[in-house]
């Protein structure tokens, strides 16, 4: 079965179920690894489907989300300011990525949807164990931000611009 068809069926199963569907059930049904299911869910989310992972499995929420990519630049110390601005405006930071001149696109999934998540990320970066991706591109980086609707994304864009974090693409 091709990936697109599998994703359509996953979406249908999750959307039509009254109960959460665990990744292991999907894995067995489609005879693929759990990692493939996790990747399929990520692709569906990126396509605007509001799929939530619970401790009992995946659930499709009624509202299709909007998503937008923002190019940003700020200092290391402003990571929390940027994250909190997005989250308190009603957004969710799905990922961070940079376009490196030698290595190409380097990305990491973040799934930041609370102030606590942003602060935990910052604390782990401050510990020195790792550096933020933006450090390899002189502070320039991109975030995919999702929200319930385009109006919220417009508000986030405006606030990022006001703070001087937004780089016009």
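The values are calculated or read from the model by the stated rules, or taken from the named source; none is laboratory data. Just so you know, these numbers come straight off a predicted model, no measurement behind them. Positions of Cβ are backbone-derived with ideal geometry, glycine not excepted, and every protein chain shown enters the neighbour counts.
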note = Residues of region 101-121 being outside any loop (DSSP other than H, G, I, E, B), within 23 Å of residue 43 (Cβ to Cβ) and either touching a strand residue (DSSP E or B) at 6+ places or on another chain (Cβ under 9 Å) or outside the structural domain of residue 147 (by TED's automatic domain parsing) (or both), in sequence order, are 105, 106, 107, 108, 109, 110, 111, 112, 117
remark   = Apart from one, (1) in contact (Cβ under 8 Å) with a residue 12 or more places away in the chain; (2) more than 27 Å from residue 154 (Cα to Cα) all hold for residue 97; the odd one out is (2)
query = Right, residue 119: surrounded by 12 or more Cβ atoms within 10 Å (Cβ to Cβ) and out of contact with any helix residue (DSSP H, G or I) (no Cβ under 6 Å at 6 or more places or on another chain) or not?
reply = yes
message = Quick check on my filter: what residues within region 125-169 are within 16 Å of residue 81 (Cα to Cα), free of Cβ contacts under 8 Å to residues at least 60 places away in the same chain and in a helix (DSSP H, G or I)?
response = 125, 126, 158, 161, 162
